[in-house]
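Structure first, commentary second.
Read-outs: derived from the displayed coordinates by stated rules, not from any lab. Because the structure is a prediction, the values reported are computed rather than measured. Note that we place each Cβ from the backbone using ideal geometry, even for glycine, and neighbour counts take in every protein chain shown.
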Amino acid sequence: MSDETDWKDMEIRNITVNGEMIDFNAVRKAADEISQEILREPFLVAWYDGIAGIGHPDVHECTSKPGWQTYGENRGGCLTVDVNNGSFILIYTETSVSED
């Protein structure tokens, strides 16, 4: 993940997923486990496949940042999981509000 990118106060976790054929499903499983350790009710709101160069959702309105990143930030993204140094980036939001 680029140090130049502004991640709007999101917590960032860098993880490594090993294997010859790393795909989105394997990456998501590992990232989901991390998100469940940090957030009460995590929900994947946006992601980027840096290997294929595909972000989801595919939003084109943004010019200063990738659309998927802005979408994740503006939908309550509070955790970014960076897998294998930008090969995949997943943004999670919290679906519950703490009543502490």
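Each label point was placed 7 Å from the Cα along the Cα-to-Cβ direction; for K65 and M21 their separation is 3.5 nm.
Cβ crowding within 10 Å ranks I51, I91, I12 as I12, I51, I91, fewest other Cβ atoms first.
Wrap a convex hull around the Cα atoms of region 11-94, take a quarter of its surface area, and give that in square nanometres. Mean projected area for region 11-94: 5.2 nm², to one decimal. Of all DSSP beta bridges confined to the chain, the antiparallel ones make up roughly 75%.
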